[in-house]
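Okay, so here's the structure we're looking at.
The values are calculated or read from the model by the stated rules, or taken from the named source; none is laboratory data. These figures come from a predicted structure and were not determined experimentally. Please note: Cβ atoms are built from the backbone with ideal geometry, for glycine as well, and neighbour counts cover all protein chains shown.
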Amino acid sequence: TGAGKSSIANLVARFYDVTEGAVLIDGVDVRGVNQQSLRRQMGLVPQDPFLFSGTVADNVRFGVPGVDGTAVTQAAQLANAHDFITALPNGYDTEILEGGVNVSIGQRQLICIARAVLADPRILILDEATASVDTVTETLIQEALDRLLENRTSVVIAHRLSTIRNADVICVVENGRIIEQGSHDELLAQGGVYRTLYERQFVELEK
């Protein structure tokens, strides 16, 4: 916590720019790319997903206007959100209150993932997407994210190391600096901070 992980994601999305060095995507400095153009290529699944006042379907298609109900349903199915949505009083036409206060945080997260599925971004940023949910919902979210992560560049911010063990490259951030970098197996073999954190979480799960 406070190491700077979310700040890195904010720099990638150009919520603010670096004062030293550069952030490159495909070798291009993002400061030279129009912000709107850049963000159209990106999807974000935050730790605290926001839903606005409107129907469930409207919230799923947010940012992708004009798509039909079939596309919304397919996105929700891929996001493991379809079952809980159809169990709501009016299904996809159920009205969501501002902030999504009439659904659980896990359900808000699944709707947000469905939104990302529908947008089909080239770059996906996941910021602690499973941090505030129960174990059952975490499993649903992780299954959905595994599908969403396929064939796209993804930046995954996580404390739960089980959610990133299949990443191509894992960066361990401490006090704003990358102190270790490698695959899951490489970092375990190094016997450093990552291994200590992983073993600690594994022991807690065993308990």
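Key figures for this structure:
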quantity	calculated
Pairs with Cβ under 9 Å, 6+ apart, first in segment 19-38 and of a type in the set (Ser, Thr, Tyr) and surrounded by 10 or more Cβ atoms within 10 Å (Cβ to Cβ), second modelled with pLDDT under 90 and assigned to a loop (DSSP other than H, G, I, E, B)	none
Of the criteria (1) over 13 Å from the mean Cα position of the chain (by Cα); (2) in a strand (DSSP E or B), which one Asp168 fails	(2)
Members of segment 122-137 that are assigned to a loop (DSSP other than H, G, I, E, B) and under 22 Å from Ile85 (Cα atoms)	Ala129, Thr130, Ala131, Ser132, Val133, Asp134
Residue list for segment 138-160, restricted to those being outside any loop (DSSP other than H, G, I, E, B) and of a type in the set (Asp, Glu)	Glu138, Glu143, Asp146
When residues of segment 171-194 are limited to those that are closer than 21 Å to Val12 by Cβ and of a type in the set (Asp, Glu), the one surrounded by the most Cβ atoms within 10 Å (Cβ to Cβ)	Glu180
Residue check for Phe15: of a type in the set (Phe, Trp, Tyr) and at pLDDT below 90	yes
When residues of segment 42-67 are limited to those that are in contact with a strand residue (DSSP E or B) (Cβ under 8 Å, 6 or more places away or on another chain) and surrounded by fewer than 14 Cβ atoms within 10 Å (Cβ to Cβ), the one farthest from Asp93 (Cα to Cα)	Phe52
Every residue from segment 111-170 that is on the phi > 0 side of the Ramachandran plot and buried (at least 16 other Cβ atoms within 10 Å of the Cβ)	Glu128
Those residues of segment 144-170 which are hydrophobic (A, V, I, L, M, F, W, C), touching a Gly at 6+ places or on another chain (Cβ under 9 Å) and free of Cβ contacts under 8 Å to residues at least 60 places away in the same chain, in sequence order	Val169, Ile170
Options Arg177, Arg195, Arg152; residue that is among the basic types (Lys, Arg) and assigned by TED's automatic domain parsing to the domain that holds Arg108	Arg152
Number of positions in segment 152-177 that are under 18 Å from Ser6 (Cβ atoms) and in contact with a helix residue (DSSP H, G or I) (Cβ under 9 Å, 6 or more places away or on another chain)	17
